[in-house]
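Working notes for the structure below.
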Amino acid sequence: MSKLHLVFGGRVKDPRGLDFVDLGAIDFVGMYQNYAEAEEAWRGAAQRTVDDAEMKYVVVHLHRLLEPDAPTN
């Protein structure tokens, strides 16, 4: 199985958390087959909104959700 990673972001209520204000306005950056590509996309998206403390982008390790018992190496 590919090690899928999802990158998305949006406005959060508190920059220290992950409580997104409007799920309908989530910016789906993309799906990536490895962490390096996902991290590059995340950095680009986060850099575009660096001056807005309420905007947050994250990388989700989808492969860990799909196969939680699989080795992480």
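Each of the trypsin sites (Lys or Arg not before Pro) that DSSP puts in a loop and that has at most 15 other Cβ atoms within 10 Å breaks the chain; the longest unbroken stretch is 17-73.
Pairwise alpha-carbon distances in region 26-66 exceed 16 Å for 35% of all pairs. Here the convex hull built on the C-alpha positions of the chain has a volume of 100 cubic angstrom per residue.
In terms of accessible area, using a 1.4 Å probe and ignoring ligands and nucleic acids, 8, 28 rank largest first as 28, 8. Counting only protein heavy atoms and a 1.4 Å probe, the chain has 71 square angstrom of accessible area per residue.
The values are calculated or read from the model by the stated rules, or taken from the named source; none is laboratory data. Given the structure is predicted, the values throughout are model-derived calculations rather than measurements. When we count neighbours, we look across all protein chains shown, and the Cβ atoms used for this are built from the backbone with ideal geometry, even at glycine. Remember, those area values only see protein heavy atoms, side chains included, never the ligands or the DNA or RNA. Shrake-Rupley method; radii C 1.70, N 1.55, O 1.52, S 1.80 Å.
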